[in-house]
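The values are calculated or read from the model by the stated rules, or taken from the named source; none is laboratory data. Treat the numbers as computed from the prediction; the structure is a model and nothing was measured. FYI the Cβ positions are ideal-geometry reconstructions off the backbone, even for glycines, and counts take in every protein chain you see.
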Amino acid sequence: MTSLNATSETVSTLDADALILGFDGDVASHPQLPDEVRTAVAQTAAALEPSAKVGATTILPGTGVTATRIVLVGLGDASEGDLRFAAGAAARSCGKKPSTVVVAIPADSDAKASAIAEGALLGAYTFTDYKSSEDDAEPHATAWHIAGASDAAIERAQIIAAAVASTRDLTNTSPLDLYPASFAEIAHEYAGQLGVEALTWEPQQLAEQGFGGILAVGMGSSRLPRLVRLSWKPEDATGSVALVGKGITFDTGGISLKPPKSMETMKSDMTGAAAVMNIVFAAARAKLPIAVTGWLCLAENMPSGTAQRPSDVIRHYGGKTVEVLNTDAEGRLVMADGLARAIEEEPDVVLDIATLTGAQGVALGTRTSAVMGDDAIRAEVVEAAGEVDEAFWPMPLPAHLREELESKIADLQNIAGPAGGMLSAGLFLKEFVGDTPWAHLDIARPAYNEGKPYGFTPAGGTGASVRTMFRFLEKRAGL
């Protein structure tokens, strides 16, 4: 559907629907943009007072170039992050379904060239699977040509953009179509194409092996839960990372029913599992020299005569018991099983990714995810996020909040007091990782954009955490 290529040709003579150029107070020079063309574009643009603010776009007719239109985009400080954001914003301004786009934003490193290519692909993302209009639904091919980029920069951008786009697609998919069994089938299908080992625990196997948390959350639905293990294990692996993803394909809250308005975006409660799946696949596509195992904890949280109840006590994988006080605190229950099983394989580090708490958005807003856990691993995640300009903020796990998880009749209860809900959820998960180095990523609000698109981020599923975790794996692999 979409192709990405480097081009070394003079960009003003390339046939295209759009030519994207940078603006830094003037039209940014580029080795493949003739000076006389750049000057002419600048003179035409002057009357429209273009802005150098990152992501600000100005549309010009293709005067003096072969392209139908010129998109000028503000480059801000021209940092790697600004270039990615700018390319994404420009991509969204290229008109409806362009067939060819040329990007001539200057980059003085492979990393910046890759960021530009990545931003362009992410900004061009659309989801039209449910559009009945033939014009909206018809697939279209777009060829993206990045002037001056190396093959390595192009390849990295394609791998990352594909992982983010697939995560967005799954997040945007109707829960009528995406449920535990269908999610597991998708994971197996793609794993087979990439040399990734895939294994699924069916409901009977979950019961026989003691996965009480996943079963308890999923028992209210007619579409029963699954646990999927994905494994990328190259011969030259220098270490191992386990990733555990929350995959609640729809969350009504169960018996502790959510208000109707709060349910409208709950198809996105599986984003953690979608991210984990695509991170493993990205590692395989990139042939990263590190073993990566992904655990997809899949369930649909529904109210019915078979649903778990407040006051139920469940036994998790590994034996810990939990008193369920609120069935809408269900994500931590499936994740506890996944974490307990993941650490059995003794990975170097385990990370979990989840749209876990509404409290995350209260604390950090709609664009900043939280990371908690062991200080060293938390710092690694923050560092990786900083290198790809994804917003993650380190949060504490205060010991005094752990006392609020004490149950009178079980080892733990699944909720604490009303304050610090994001932190107490992290403390709950900590109980299931033993001594394994660990971090918990709460992406509840950043995973789904309920507002307008911005930069390379669309409305709907965003693919939050995928870029950070891919960089985390690269760094762990010494890249």
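Each row is one residue, and each column tells you yes or no for (1) at pLDDT 95 or above; (2) among the basic types (Lys, Arg); (3) under 30 Å from residue 146 (Cβ atoms).
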site: 166; (1), (2), (3): yes, no, yes
site: 197; (1), (2), (3): yes, no, no
site: 207; (1), (2), (3): yes, no, no
site: 211; (1), (2), (3): yes, no, no
site: 223; (1), (2), (3): yes, yes, no
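Based on this model, can you work out whether residue 54 counts as outside any loop (DSSP other than H, G, I, E, B) and either under 24 Å from residue 389 (Cα atoms) or touching a helix residue (DSSP H, G or I) at 6+ places or on another chain (Cβ under 6 Å) (or both)? In short, no.
The residue list 194, 243, 206, 224 contains one member that is assigned by TED's automatic domain parsing to the domain that holds residue 311, among the aliphatic types (A, V, I, L, M) and more than 29 Å from residue 319 (Cβ to Cβ), which is 194.
Only a single criterion out of (1) assigned to a helix (DSSP H, G or I); (2) touching a residue at least 60 places away in the same chain (Cβ under 8 Å) is not satisfied by residue 427, namely (2). The set of residues in segment 348-385 being of a type in the set (Gly, Ala, Ser), assigned to a helix (DSSP H, G or I) and out of contact with any Phe, Trp or Tyr (no Cβ under 7 Å at 6 or more places or on another chain) consists of 358, 359, 361, 363, 376, 379.
What about residue 21, is it assigned to a strand (DSSP E or B) and surrounded by 15 or more Cβ atoms within 10 Å (Cβ to Cβ)? Steps first, answer last, please.
Details: assigned to a strand (DSSP E or B): yes; surrounded by 15 or more Cβ atoms within 10 Å (Cβ to Cβ): yes.
Answer is yes for this residue.
I need the full set of residues from segment 72-94 which are farther than 22 Å from residue 37 by Cα and small (Gly, Ala, Ser), in order please. Of everything in segment 72-94, those that are farther than 22 Å from residue 37 by Cα and small (Gly, Ala, Ser) turn out to be 76, 79, 81, 88, 89.
Confirm whether residue 439 is under 18 Å from residue 343 (Cβ atoms), within 25 Å of the chain's Cα centre (by Cα) and not basic (Lys, Arg). Working first, answer last.
Details: under 18 Å from residue 343 (Cβ atoms): yes; within 25 Å of the chain's Cα centre (by Cα): yes; not basic (Lys, Arg): yes.
Considered against the rule, which asks whether it is under 18 Å from residue 343 (Cβ atoms), within 25 Å of the chain's Cα centre (by Cα) and not basic (Lys, Arg), residue 439 comes out as yes.
Residues are listed down the side, and each one gets a yes or a no for (1) within 24 Å of the chain's Cα centre (by Cα); (2) of a type in the set (Phe, Trp, Tyr):
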| residue | (1), (2) |
| --- | --- |
| 178 | yes, no |
| 182 | yes, no |
| 185 | yes, no |
| 190 | yes, yes |
| 195 | yes, no |
| 198 | yes, no |
| 205 | no, no |
| 212 | no, no |
| 215 | no, no |
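Residues in segment 46-56 that are closer than 26 Å to residue 143 by Cα and either crowded, with 19+ Cβ neighbours inside 10 Å or touching a Phe, Trp or Tyr at 6+ places or on another chain (Cβ under 6 Å) (or both): 54, 55.
Number of residues in segment 335-356 that are buried (at least 24 other Cβ atoms within 10 Å of the Cβ) and either out of contact with any Cys (no Cβ under 8 Å at 6 or more places or on another chain) or more than 14 Å from residue 440 (Cα to Cα) (or both) equals 12.
Can you find, within segment 148-183, the residue that is surrounded by the fewest Cβ atoms within 10 Å (Cβ to Cβ) among those that are acidic (Asp, Glu) and under 20 Å from residue 87 (Cβ atoms)? Let's see the steps before the verdict.
Let us first name the residues in segment 148-183 that are acidic (Asp, Glu), namely 151, 155, 169, 177.
Checking which are under 20 Å from residue 87 (Cβ atoms) leaves us with 151, 155.
Working: 151: 10, 155: 16.
Selected residue: 151.
Is one or more of the residues making up segment 332-346 part of a loop (DSSP other than H, G, I, E, B), in the same structural domain as residue 472 (by TED's automatic domain parsing) and touching a residue at least 12 places away in the same chain (Cβ under 8 Å)? Talk me through it step by step, then tell me what you get.
Taking segment 332-346 and keeping what is part of a loop (DSSP other than H, G, I, E, B), we get 346.
Retained after the next criterion (residues that are in the same structural domain as residue 472 (by TED's automatic domain parsing)): 346.
Filter once more, keeping what is touching a residue at least 12 places away in the same chain (Cβ under 8 Å): 346.
For segment 332-346, residues part of a loop (DSSP other than H, G, I, E, B), in the same structural domain as residue 472 (by TED's automatic domain parsing) and touching a residue at least 12 places away in the same chain (Cβ under 8 Å): present.
Scanning segment 383-403 for residues that are touching a Leu at 6+ places or on another chain (Cβ under 9 Å) and either surrounded by fewer than 23 Cβ atoms within 10 Å (Cβ to Cβ) or without any contact (Cβ under 8 Å) to a residue 60 or more places away in the chain (or both) gives 384, 391, 393, 395, 396, 397, 398, 399, 401, 402.
Give segment 79-95 a look and list any residue that's surrounded by fewer than 24 Cβ atoms within 10 Å (Cβ to Cβ), over 20 Å from residue 45 (Cα atoms) and not hydroxyl-bearing (Ser, Thr, Tyr), or say none. Selection gives 80, 81, 82. Could you tell me whether any residue of segment 34-53 is under 20 Å from residue 123 (Cα atoms) and of a type in the set (A, V, I, L, M, F, W, C)? Yes, segment 34-53 has at least one match. Whenever a residue of segment 451-479 is more than 21 Å from residue 129 (Cα to Cα), its partners that are of a type in the set (Lys, Arg) and not in a strand (DSSP E or B), lying with C-beta atoms within less than 8 angstrom and at least six residues away or across chains, give the pairs 455/84.
Of all residues in segment 29-42, one or more are touching a residue at least 60 places away in the same chain (Cβ under 8 Å), assigned to a loop (DSSP other than H, G, I, E, B), more than 17 Å from residue 115 (Cα to Cα) and in contact with a strand residue (DSSP E or B) (Cβ under 6 Å, 6 or more places away or on another chain).
Could you please let me know if residue 434 is modelled with pLDDT of 95 or more, assigned to a loop (DSSP other than H, G, I, E, B) and surrounded by fewer than 16 Cβ atoms within 10 Å (Cβ to Cβ)? So residue 434 fits the description; yes.
In this structure, residue 457 does satisfy being under 21 Å from the mean Cα position of the chain (by Cα) and among the polar types (S, T, N, Q).
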